[in-house]
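Report on the structure given below.
The values are calculated or read from the model by the stated rules, or taken from the named source; none is laboratory data. All of these numbers come straight from a predicted model, not from anything done at the bench. With ideal geometry, Cβ positions are generated from the backbone for all residues, glycine too; neighbour counts draw on all protein chains shown. When the accessible area is computed, the model is the full protein with side chains, heavy atoms only, and any ligands, DNA or RNA have been set aside. Shrake-Rupley method; radii C 1.70, N 1.55, O 1.52, S 1.80 Å.
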Amino acid sequence: MSQNPRPTRKDLRFQDLVGWHARLTLCHVLEDGSDMVAHIVGEDVKALFKSVVNDRHLDFTKGTRLRDLIDVDSEAQRQHLAKITLIPSIAISKGELNLVNDRKIAIASLDFPLMPAPDETPYVLSLYDFEAPLFTTRGL
């Protein structure tokens, strides 16, 4: 780990997050602070996003903007990201997603700031909690 008391993306070791891999995302914050781009997305979170976006191929290898997946007020998103990256602070985000099958799902994430290295925008590690039983096929 670096001498900086606040971790950077390079300080993050995924083996330290065992048990959370399926429910995390690693995103970089856009330079203007308006949105995040997801680069590493856990399998449970991918399934959630695919349940929100109908008939769309989601390619996280190049990064996907979260606002393309989740309908969120742009000013609320900007304030949330400023709290995480400028203060910096751990922040909780809560909401409800409308799935393509007309169900709603409660979702929450705990967003951890990862400080930027020189010439880099900040990163955010998000750990998600959501109603997993909606992903079963029973009763459909």
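Numbers below:
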| read-out | value |
| --- | --- |
| Members of the stretch 90-121 found to be assigned to a loop (DSSP other than H, G, I, E, B) and either aromatic (Phe, Trp, Tyr) or modelled with pLDDT of 90 or more (or both), listed by number | ILE90 |
| Residue match in the stretch 58-78 (condition: in contact with an Asp or Glu (Cβ under 7 Å, 6 or more places away or on another chain) and surrounded by fewer than 17 Cβ atoms within 10 Å (Cβ to Cβ)) | yes |
| Restricting the stretch 35-57 to residues that are open to solvent by 20 Å² or more (accessible area, probe 1.4 Å) and small (Gly, Ala, Ser), the residue that is modelled with the highest pLDDT | ALA47 |
